[in-house]
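Participant: Take this structure, written in structure tokens, and hold onto it; I'll ask about it next.
The values are calculated or read from the model by the stated rules, or taken from the named source; none is laboratory data. Small disclaimer: the values here were computed from a predicted structure and weren't measured. With ideal geometry, Cβ positions are generated from the backbone for all residues, glycine too; neighbour counts draw on all protein chains shown.
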Amino acid sequence: MATVLEQLPIGARVAVIRLRSMGDCVLTTPALEILKRSRPDLNIAVVVEERFKPIFEGNPEISDLLEPSVAGLARWRPALCLNLHGGTRSMALTVGSGAKFRAGFAHHRYASLYNVRIPTAQEILGVSRKVHTAEHLASAMFYLGARQGEVPRAKLFAERRPDGAPYAVLHPMASAASKTWPAENFLALAARLRESWGLEPVFIAGPGEDLSPFASYRTVAGAPLAEIKSLIAGASLFVGNDSGPAHMAAAFQIPLLVIFGDSDHEVWYPWRARSEMLVAREGIAALPVAEVLAALERLRVAQ
């Protein structure tokens with residue numbers, strides 16, 4: 001029986017729905033590369049919220065970036081609409097797209113509305129272990145007909161800043177206190193990076209997040225995502241909690257250290273990047289600075 005990709009006509013349009021979340025958007029890029037490699041003739045659009053468009057901008061695998069509008073998506077007339085987001089809104093977009101093939105994971109709510117229901121990544125990949133998010137998303141492409149193989153690294157594209165003093169990007173924020181290493185520890189780390197590594201610390205945060213504890217260093221809070229993307233692309237090192245910016249650093253192949261609290265490191269570790277990962281099994285506040293500094297030294301030796 002012909003796969004979905006085999007049934008698509010030459011030059012067909014494929015809409016991939018990935019509405020939001022920085023890390024999820026970054027980790028969708030390996031799947032897009034697999035799709036384009038399998039069918040270079042396809043025109044691929046990503047349906048994404050405006051604030052996360054910079055994740056996909058400049059990506060040669062992508063023909064268009066579409067706003068999350070049923071009318072706009074229907075006007076684009078995809079032959080295949082692939083929902084990688086899940087949720088009520090993305091389901092409405094999928095159904096309203098008018099695509100001949102409406103695909104998504106079978107575990108999604110309202111999956112009965114798909115006419116192509118994708119099984120679990122474990123079933124597709126033939127494994128019983130937990131899979132990384134990048135593998136999970138890429139498995140959809142294998143199920144649709146792309147040749148199964150190694151899942152590539154994530155990729156972002158940005159204009160790098162002119163050469164200047166080398167710097168390290170530190171991201172001390174996270175979505176919950178249980179994922180956030182204490183500010184005073186990040187300050188101790190910043191001092192060591194300046195004194196021993198010769199790197200100027202730059203602290204970043206999203207809109208509405210408070211960087212006042214780090215005011216003795218350069219801080220960038222609430223900047224447009226395109227600016228943060230360029231800032232990370234030019235860094236010599238990234239250190240942060242498990243978060244979207246860490247996945248951006250991994251995509252740019254910046255050496256990085258990620259501190260995990262209660263999030264699942266097996267699903268979210270830096271994908272195919274030169275990295276160190278620390279898992280705070282006794283609670284993230286209890287992770288000592290000395291342990292993080294030792295991990296940084298291991299990372300420096302590995303460079």
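Participant: Which of the residues that make up region 101-116 are in contact with a strand residue (DSSP E or B) (Cβ under 7 Å, 6 or more places away or on another chain) and either of a type in the set (K, R) or assigned to a strand (DSSP E or B) (or both)?
Facilitator: F101, R102, A103, G104, F105, V116
Participant: Return a yes/no flag: does region 281-301 have any residue that is assigned to a helix (DSSP H, G or I) and among the acidic types (D, E).
Facilitator: There is at least one residue in region 281-301 that is assigned to a helix (DSSP H, G or I) and among the acidic types (D, E).
Participant: Given region 1-97, what helices (runs of 4 or more DSSP H) lie entirely inside it while holding 1 or more residues that are more than 23 Å from the chain's Cα centre (by Cα)? First the steps, then the outcome.
Facilitator: Numbers: elements: 4-7, 22-26, 29-38, 70-76, 88-96.
Once the helices (runs of 4 or more DSSP H) in region 1-97 are filtered for at least 1 residues that are more than 23 Å from the chain's Cα centre (by Cα), what remains is 4-7, 70-76, 88-96.
Participant: Here's something else I'd like to know. Among the residues of region 11-30, which ones are closer than 22 Å to V95 by Cα and among the aliphatic types (A, V, I, L, M)?
Facilitator: Within region 11-30, A12, V14, A15, V16, I17, L19 qualify.
Participant: Restricting to region 174-223, what's the tally of residues that are in a helix (DSSP H, G or I), closer than 21 Å to L278 by Cα and touching a strand residue (DSSP E or B) at 6+ places or on another chain (Cβ under 7 Å)?
Facilitator: Of the residues in region 174-223, 5 are in a helix (DSSP H, G or I), closer than 21 Å to L278 by Cα and touching a strand residue (DSSP E or B) at 6+ places or on another chain (Cβ under 7 Å).
Participant: Looking only at region 266-281, decide whether some residue is over 23 Å from the mean Cα position of the chain (by Cα) and loosely packed, with under 13 Cβ neighbours inside 10 Å.
Facilitator: Checking region 266-281: at least one residue is over 23 Å from the mean Cα position of the chain (by Cα) and loosely packed, with under 13 Cβ neighbours inside 10 Å.
Participant: Run down I55, I62, I34 and say which single residue is within 22 Å of L5 (Cα to Cα) and in contact with a Leu (Cβ under 8 Å, 6 or more places away or on another chain). Reasoning before the result, please.
Facilitator: Details: I55 fails: within 22 Å of L5 (Cα to Cα); I34 fails: in contact with a Leu (Cβ under 8 Å, 6 or more places away or on another chain).
Testing whether each residue is within 22 Å of L5 (Cα to Cα) and in contact with a Leu (Cβ under 8 Å, 6 or more places away or on another chain) leaves just I62.
Participant: Here's a follow-up. Could you tell me which of the residues R75, R109 is charged (D, E, K, R) and modelled with pLDDT of 95 or more?
Facilitator: Residue meeting the stated conditions: R75.
Participant: Let me ask another. Write out, first by first residue and then by second, each pair whose Cβ atoms fall under 6 Å of each other, whose residues are 6+ apart or on separate chains, and whose first residue, in region 125-152, is in a helix (DSSP H, G or I) while the second is of a type outside the set (A, V, I, L, M).
Facilitator: Close Cβ pairs (under 6 Å, with a partner that is of a type outside the set (A, V, I, L, M)) amount to L125/S139; A134/P30; A134/W271; L137/T28; A138/P30; F142/Q148.
Participant: Scanning for something more than 19 Å from Y167 (Cα to Cα) and under 13 Å from the mean Cα position of the chain (by Cα), does region 243-260 turn up at least one residue?
Facilitator: Looking through region 243-260, at least one residue is more than 19 Å from Y167 (Cα to Cα) and under 13 Å from the mean Cα position of the chain (by Cα).
Participant: Within region 40-60, how many residues turn out to be without any contact (Cβ under 8 Å) to a residue 60 or more places away in the chain and buried (at least 19 other Cβ atoms within 10 Å of the Cβ)?
Facilitator: 7
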